[in-house]
Structures are given as C-alpha cells and as structure tokens.
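Everything on this sheet refers to the single structure shown next.
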2 protein chains.
Amino acid sequence: MGDRTTIYDIAKRLNITAATVSRALSNNSKISKKTRELVFKTAEEMNYRQNKLALALKSGKSNNVGVIVPRIDRNIFSAVIRGIEENLHSEGYQVIICQSHDDEKLEIENIDALINAQVDGIIMSLTLETSEKNKAIKRIVKKGIPLIFFDRKKDIEGVSTVTINDFEGGYKATQHLIDQGCKEIAHLAGDFAIEIYEDRYKGYREALSDNGIEFREEFLIHTSSKVEDGQKATRALLKLKERPDAIFSASDFVALGAIQELRAQGIKIPQDFCVVGFSNEPFTKFMELSMSTIDQSPRDMGKIAANVFLEQVTNNDNVKIQKKVVLAPELLIRDSSSRLPIK
Amino acid sequence: MGDRTTIYDIAKRLNITAATVSRALSNNSKISKKTRELVFKTAEEMNYRQNKLALALKSGKSNNVGVIVPRIDRNIFSAVIRGIEENLHSEGYQVIICQSHDDEKLEIENIDALINAQVDGIIMSLTLETSEKNKAIKRIVKKGIPLIFFDRKKDIEGVSTVTINDFEGGYKATQHLIDQGCKEIAHLAGDFAIEIYEDRYKGYREALSDNGIEFREEFLIHTSSKVEDGQKATRALLKLKERPDAIFSASDFVALGAIQELRAQGIKIPQDFCVVGFSNEPFTKFMELSMSTIDQSPRDMGKIAANVFLEQVTNNDNVKIQKKVVLAPELLIRDSSSRLPIK
DNA sequence: CTGTTAGCGCGTTCAT
DNA sequence: ATGAACGCGCTAACAG
C-alpha cells in the first residue's frame, strides 16, 4: 500500500549494506562502478525515492523556503511568489507560503512556524514594524536562517533586501505630472509607518521642490488601499477652494477610485486632470482609460530574492553576505496622464 | 547560535527522562501535575520548540499540504490558494505551492516531489490529462494521500473534487444573452481536452437548443486564454457573411480581446453586440465598460477544498471518503451585456 | 506515574 | 570498496 521502499529494502535485495546503497546513490567516488549501476537499477525497479524527511532531520536542512506575504491574492505578491518558485524549484527547494493579513500576531506566528519547520530561508514582505515583531525577526537571524525582505523592507543587520526604489518611483511619477503641465498635484499616500509609502511621498516632495512648486498640506491625504478610499479622498480634494489638477496615488486601487470620482463629476481626464497610480496592477492596463502607473517588476523581484537566498545558502565562507538589491521603478505612461500624443 | 534546545536538554536540567518530557508536553493524562508544570515552565525558559522534522519522520506525517496550480499569478488560482491557506493554517498545516505552467512534465515532477516530501495531502488543478499523468495520480492515490481536484477536475476513483458547475455557467451566460435579445451567439472556447471548457460549451449548446436556436459551426472558435486571441477570433467572426451579435467567451481575457476588437471596429456594446466572459477576473469590474462574467467564488472553492482535506485526514474509519462538491456559478450582469437599465 | 528501549530513514565516521 | 555502528529528535511500547 502506502509503504515506501527504503535503502534498506534495496540493500537486502542486493545482499549489501544500506550504507553502500546510500553512497552509491549519492555518487560517492569510492564505490565500484558495478555496484553503483546495480543499485541504481534496483532503485529504479523498486521505485525508490529518497525520504526527504529523514534527510532533513539528519542534515537539519528541510529544503523548504518560507514566504510570508500580507495576502497572496494581490497581484504584486502572487507575481513575486511566482518568480521565487520558478527560481527555487529548479534548485530542489519547495516554497511554503504564509499570509499575514497585515496582522502582527499572525505574522509572528508564521515566523515561528517557519523556524519551527526548519526552513532553510525566509523571504518576506513586512507589514508593520513593532518591537514584538523585531524580536521575532531577531530570532530568525540568530538561528542563522537566511532572511530576505522584499517590497516592504527595513534595515536590519544581517538581513538582505530586494526592493524597488520607491523614492525614485514617487519622484518619477510626480515629475511626469509636472511635465504634463500640472501645477497643483495632490498625493494620496499610504501609511507612513510602512517605509515604502514614506519613500514614495518623499519622492513626491522632492520632485515638487526641485520644480519650485510649493507643497500644500491639504493636498496630502492618507488612505488605505481601497477603491472607495480613493473616491472619498478625491471628493474631499474637489471640495477645496483651490483644487488640485492632478493626483499621484501610492496605490493603483486608490487611483482607480479617484478616476471614478473624477469622471462621476464630469472632469475630463487627462485634459483637465491627470492621475498616476503605483504598482501596475493588471487592471490598470485594461481600463478603457488606461491608467499610468509605476511598474515594480514583481516577478523579477521574486527571482532576484530567490537568487539572493541561493547565494546565501551556498556560501560556505563564514562571511555573512548581506545584499541590498534596489530595482529601478519603471514609469508607464498611459491614457490617464498623457496629454501629448506619445505612447 | 543556531542550536535548538531539545527535550533531552530540558530532561537533563530536570533530572528526568526525555520520554517524560515528551509526555508532559503532549499533555499525557498520566503525568503528575507537578512535573507537567515544571516541564512547561522549563521549556518556556529554555525557549523550547518541538522539532517538526523529527516528529514528521517519526509519524510519517509532515503537516504539509501540497497545492499544484498552472501558475500562481492568475487571480482564480491565487484566490483559491488564499482560501486553502486560511483554512489550513488554523489547523496547523502549512501549504507548499507548486506551479505546473501547464507543462505535463513539470506537473508530474511536482507530484513526485510532493509525494517525496511526504505531504499529508495534495490539492490541485489539473492541466492536461494523459496516460503518463494518470500514472502519477495513481501513485498519489495508492500511497493513500488525500487528493482533491479543484477547478479542473477529472473523475478518478478515490479522488475528491471541488468545482463549480461549468455546464450551468455556460448555460446561464448563454441564456442571459438570449434574454437580451441576441440571436446569433458565438462561443470562444478553450481546449476541450480540459473538461471545464467542454462543459461550458455544452451549457452553451443546451441553452441554444432549449431556445430553439440553431448551432452554427462557424460560431465556435477555439482559443488559448490570451487577449490577442480574443481579438483575432473576433476579427474572424466579423468577417463572416452572417455575423454574430453576441459572444460568450470561456475566458475573461479572451472576452476582453473581443471587446477591444469590437470597439476598434466601432461596434456599440451592448446596443449592437453583447459580450459575456468567464471567471470574474478583477479587471472585468474595473473596465470602463464593465464586463459581464461568471463568478467562480474561488476563495470559497479553496476553503472548501481545504475542509474536504481535513475531513479526509481526520476520518479514522477505513471507509474512504470521496466527496464531490459542486458550487453554483453566479452570473454577474454588467455593462457589456445589459441592455435593460437594470442594476 | 516514570524510566528503558527501540525505531522512523538517512548519512557518516571508523573500521576493515 | 564495503560493513558496522551511531545519531538527528521525537514518540510509543513495554516495563515497573
């Protein structure tokens, strides 16, 4: 039935010892060609498969890598995971996925479960940062488990990161709006407790400043990343005495809400108002009025994160590798902000 | 450093035996309250964590469940996985994800890797069916590993399935188009080697037949699920002497291509032409002209698949459970097919 | 109630 | 070139 054949079974059949079988299978150099071939043949016949669990217990390496994301059904995260899986699969690693749902308790729980499962590495996108969380992260580092942050980073000794340059993304988006002739650019921002949102904001500020445009408090609105929040914020902006003529949103979903509200109020895009989002969610391309946005090349991000892990785990020097890979964001100019007939 | 404390460590500290510690930790009834408490306290102090790998080797149960999907960055699949993870996490299981990329070799490879990793169950969406693949699937069943198909099913003895009623989906979509006054309904179909696509087609046929509408060969076009294929197919349809006045597409992406092509040719939707897709991809809701489609409630599908697994694995009777859960598809009527001012 | 022993399947010394 | 013995960390069977 469900009985596996072990190296003992094939040893018995061949009247040799399990150790020999083990060695033959691992292509140990000092095994006679004859027995090696015999072992391989018999293993094949008996449909032998190495028991990963035994190997893992013995070696302390599970050949599993844990990935923690807020939620998997968000394009950027599933795309990253796709990249990770693709580059890890070929190296014999399997990917365990965990969702934190932006809940700190859950995230810590996931971390401990992964440590406990003896994963060989952890690749994660942080949610919020708290002291409790930092302890959990320290636990990973202390155990010597390679840890890589992507997207939502944080500078921690011994932790590698793969991110895009969010500052540059914010800067590019804003500069582009300015180039389109917009003067009064509002920013729909995420929670500044999360670094990436703060960075996008800083990029926005810098671009304004570099162009001699004054920043206005009332043009900065914090939102969660829901469509409705974009509508609400936009409604608020349009009620101001001095209205903005463009929005740079740190989230595509919020930008979508903004566009919906603008159209509902009969405002012409991009003639009278320009909008740029962030993340290149798939739907942005498919909208009738396609949305300009910043692409984060999430799949590459995943592939690179996987490679950083592999380097780290392969590296037998005692020197700790700590890589900081920063990808360049790409501005995708689409209908929602292109007044000039480019594209 | 990375040294874990084991039950031996805490046994030594307490001058008792490891077995006692193990029993205390697992709340074995015949352990004195005193030692139990002592053990728990010391375990806490020494920051003990049960080694899952050792447990797995011992018990043969890894507490991992494998999930195989064609690709993870497709909304329906990531949504299913989200549901699976949510319902399995609380039961202490971890989810290993694999991508088949619709490549048979890769899929078989994944199956064997999962068996090999001693997963306690496998939840998967089949790609194509071949004899080679069937062997791999038989291997799973023979090992007694609970196996659950979702979305893309296949009737196999001992395998549970969680699907939506694709026939009904096809029927509903087509009937809806007829109700809108469409008479010449084309169908952009997927590969009939995959059951779900055949079922959607059958539903389409049945609806036509039930309404006394004759089926036309030239109105059936097979496509892959790419946007461009929808454009191409639509271009072909519009070249026919007798043009269709509606399209039911088995894929949202193909339906999108159709809409793009129709608009490019200046055809008014939904006045002159109606379109219904399938899957409720997120972008369908966000299009300027939102697209009617069939919702598959993928997250529920995942949750149910997880529950079926849990039932199966909990079930200690020797009776094999084999469940067939069929969810009802929901027709979402949106702009691309609603001529009546509903909604 | 607790200790002793054994074994899950594998790789790895230490012998030979 | 191969065998014997051991241990990874844990639980379970069998004492007592």
Inset, instruction - Starting from the Cα of B:K239, draw a straight line to each of the lysines and keep only those under 23 Å, dropping any in the same chain fewer than 8 residues away. - result: B:K183, B:K226, B:K268
Inset, instruction - Please name whichever of B:T223, B:A246, B:F150 sits farthest to the positive end of the charge dipole of chain B, dipole taken about the Cα centre and charges placed at Cβ: Lys and Arg +1, Asp and Glu -1. - result: B:F150
Inset, instruction - Can you tell me the FRET efficiency between A:A264 and B:E206 if r is taken as the Cβ-Cβ distance and R0 is 35 Å, rounded to the nearest 0.05? - result: 0.30
Inset, instruction - Please give the residues of the range B:267-296, grouped as numeric ranges, whose backbone N is less than 20 Å from a label point set 7 Å along the Cα-to-Cβ vector of B:D102. - result: B:277-284, B:294, B:296
Inset, instruction - At a temperature of 10 °C and a viscosity of 1.306 mPa s, determine how fast the range B:1-112 diffuses translationally according to Stokes-Einstein, using the Kirkwood radius over alpha-carbon pairs as Rh; express D in µm²/s, rounded to the nearest whole number. - result: 93
Inset, instruction - For B:K58, go through the lysines and keep the ones whose alpha-carbon is under 20 Å away, minus same-chain ones fewer than eight residues off. - result: A:K52, A:K58, A:K61, B:K143
Inset, instruction - With no solvent and one equal point scatterer per Cα, compute the Debye intensity ratio I(q)/I(0) for the range B:35-193 at 0.09 Å⁻¹ and report its log10, rounded to two decimals. - result: -0.43
Inset, instruction - Would you mind giving the mean number of other chain beta-carbons within 10 Å of the Cβ of each residue in B:105-117, as a whole number? - result: 2
Legend entry - For the range A:189-314, size of Cβ-based charge dipole, Lys and Arg +1, Asp and Glu -1, in debye: 400
Inset, instruction - Considering only B:T42, B:T293, B:T314, give the residue with the highest GNM mean-square fluctuation for chain B, with springs between Cα atoms whenever their separation is below 10 Å. - result: B:T42
Legend entry - Under 16 Å from the Cα of B:K41 - aspartates and glutamates, other chains or at least 8 residues apart: B:D9
Legend entry - Helical mean residue ellipticity (222 nm; -39500 (n - 2.57) per DSSP H run of 4+; nearest 500) of the protein assembly as shown: -14000 deg cm²/dmol
Legend entry - Label-point gap, in nm, between B:T130 and A:A19 - each point 7 angstrom along Cα→Cβ: 4.3
Legend entry - Alpha-carbon spread of the range B:274-332, three principal axes, descending order, Å: 54, 17, 9
Inset, instruction - Pull out the extension gain between A:E218 and A:R235, defined as 0.36 nm times the separation in residues minus the alpha carbon to alpha carbon distance; nm, one decimal. - result: 4.8 nm
Inset, instruction - Springs between alpha-carbon atoms under 10 Å, Gaussian network over chain A: tell me which of A:L53, A:L208, A:L327 tops the mean-square fluctuations. - result: A:L53
Inset, instruction - Count neighbours as other Cβ atoms within 10 Å of each site's Cβ, and list the GluC sites (Glu not before Pro) in the range A:235-343 that are DSSP loop with at most 10 such neighbours. - result: A:E242
Legend entry - Fraction of antiparallel bridges per DSSP, the protein assembly as shown only, in percent to nearest 5: 15
Legend entry - Max mean-square fluctuation residue, GNM over chain A, Cα-Cα springs under 10 Å, options A:Y204, A:Y93, A:Y48: A:Y48
Legend entry - Rg to Rh quotient for the protein assembly as shown, alpha carbon positions, Kirkwood Rh: 1.02
Inset, instruction - Could you list, in their original order, any pairs among A:K154/A:K202; B:K154/B:K323; A:K33/B:K105 whose Cα atoms are separated by more than 21 Å? - result: A:K33/B:K105
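Kindly identify chain A as rounded, prolate or oblate by the Cα gyration tensor criterion: order the square roots of the eigenvalues as a ≥ b ≥ c, call it rounded if a/c is under 1.5, otherwise compare a/b with b/c, prolate if a/b is larger, else oblate.
Note, shape of chain A comes out prolate.
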Inset, instruction - Whole number please: convex hull volume per residue, Cα atoms of the range B:166-296, in Å³. - result: 92
Legend entry - Spread of Cα-to-Cα distances over 5 Å intervals beginning at zero, given as percent, for the range B:2-50: 5, 25, 38, 23, 7, 2, 1
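Where a number appears in this text, it was derived from the coordinates with a stated rule and is not lab data. These numbers come from a predicted model, not from an experiment. No Cβ is skipped: glycine too gets one built from the backbone with ideal geometry, and neighbour counts run over all protein chains shown.
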